[in-house]
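So the structure is just underneath, and the comments pick up after that.
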Amino acid sequence: MALLNFRKKETPAPQAPVAEVEALLKDYSIEVMPRAAEKVEDFRALLPEGTRVYIAHIDGTPIEDMVATAARLNADGFKVMPHFPARIIKDRPTLADWIARYQGEADVRQALLLAGGVTTPAGEFSDSMQLMETGLFDKAGFTRLHVAGHPEGNRDIDADGGRLNVDAALKWKNDFQTRTDAKMAIATQFAFDAQPIIEWADSLKAAGITLPIHIGIAGAAKLQTLIKFAIACGVGPSLKVLQKRAMDVTKLLLPYEPTDVISDLAAHKAAHPDFNITHVHLFPLGGIKTSATWVQENGGASGVPADAA
């Protein structure tokens with residue numbers, strides 16, 4: 001006799017999308033890497049028309065692979081936003097070359113500027129503010145610049161676990177928006193609990209930071225996968241949500257889905273229309289198809305793929 005009898009997850013009957021969730025997921029964005037993109041046969045069968053697709057640039061990825069991925073996604077009708085990680089860019093000529101390649105070969109006019117995950121800079125840049133100060137993005141006519149946000153802090157920037165340096169950087173970037181013609185926003189690291197996210201977003205607003213927030217959310221994935229990424233990326237308080245789930249043997253073998261955190265944020269947004277979180281940015285840690293399918297099943301019109309529209 002089995003000690004534990006796990007029931008198979010029953011396929012729920014289709015439900016009408018919750019209006020608040022559909023509204024929050026409208027114009028959501030998603031992140032890919034060149035290697036992961038190669039495994040996707042047809043993005044238009046997964047993502048809505050015009051979806052903004054961030055292309056993560058991990059140290060060691062050739063710029064040629066990044067640009068080729070950008071060109072493919074642009075040809076498919078998506079808004080391409082490659083990462084520009086300051087610490088892996090050697091110097092100003094290299095930055096100018098990347099910009100020229102993206103524009104000339106993939107018609108890119110958007111960028112996410114961030115410090116990057118490496119500890120030691122490859123050259124003269126160590127943070128996104130230095131990239132912005134070059135003026136090269138404005139000179140190239142970029143229409144949108146996003147910067148990184150960390151709802152639960154970033155120990156690479158504030159070793160004590162606080163937010164002093166992170167918040168100071170955001171204030172600088174908020175002021176920079178008055179000196180650029182490009183539209184700006186904050187794209188954040190992922191988190192799993194709505195309440196710390198809401199408190200962080202409210203604190204930015206109280207500090208006079210007016211940049212809209214595109215909140216990072218981990219897409220559907222195996223629980224073990226998410227815990228691994230959460231620890232590696234320094235996700236703090238909301239990691240307890242995953243740990244609590246891991247202690248429940250009835251949920252341990254079931255995939256994690258972002259339904260609860262999205263629903264809570266959507267309800268808060270509906271009750272507070274001026275809430276500064278304006279978009280959802282998905283990290284497809286369980287795979288691009290898995291995340292896109294979750295949006296299709298939960299987001300109503302906001303998840304309809306381009307080829308099905």
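Values for this structure:
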{"quantity": "Net length gained if the chain between S126 and A100 were fully extended (0.36 nm per residue, minus Cα distance)", "calculated": "7.2 nm"}
{"quantity": "Extension reserve of the K183-D264 stretch, reckoned as 0.36 nm per residue once the Cα distance is removed", "calculated": "26.4 nm"}
{"quantity": "Potential extension, I63-A206 segment - 0.36 nm per residue separation minus Cα distance", "calculated": "47.5 nm"}
{"quantity": "Phi to ³J(HN,Hα) by Karplus 6.51 cos²θ - 1.76 cosθ + 1.60 over the stretch 175-186, Hz, x for Gly, Pro", "calculated": "5, 5, 4, 7, 10, 10, 7, 6, 6, 10, 7, 9"}
{"quantity": "Approximate shape of the stretch 51-141 as ellipsoid semi-axes (Cα gyration tensor, √5λ), whole Å, largest first", "calculated": "21, 14, 11"}
{"quantity": "Whole-number accessible area per residue in Å² for the stretch 37-118, which is evaluated in the context of all protein chains at 1.4 Å", "calculated": "41"}
{"quantity": "Probe 1.4 Å, all protein chains present, accessible-area order of T134, T278, T210, largest first", "calculated": "T210, T278, T134"}
{"quantity": "Sites V118 and A75, calculated FRET efficiency, Cβ-Cβ separation with R0 30 Å, nearest 0.05", "calculated": "0.45"}
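The values are calculated or read from the model by the stated rules, or taken from the named source; none is laboratory data. Everything numeric here is computed off the predicted structure, so don't read it as measured data. Neighbour counts are summed over all protein chains in view; Cβ atoms, including those assigned to glycine, are modelled from backbone coordinates with ideal geometry. To get the accessible areas, we keep the full protein, side chains included, count just its heavy atoms, and leave off ligands, DNA and RNA. Shrake-Rupley method; radii C 1.70, N 1.55, O 1.52, S 1.80 Å.
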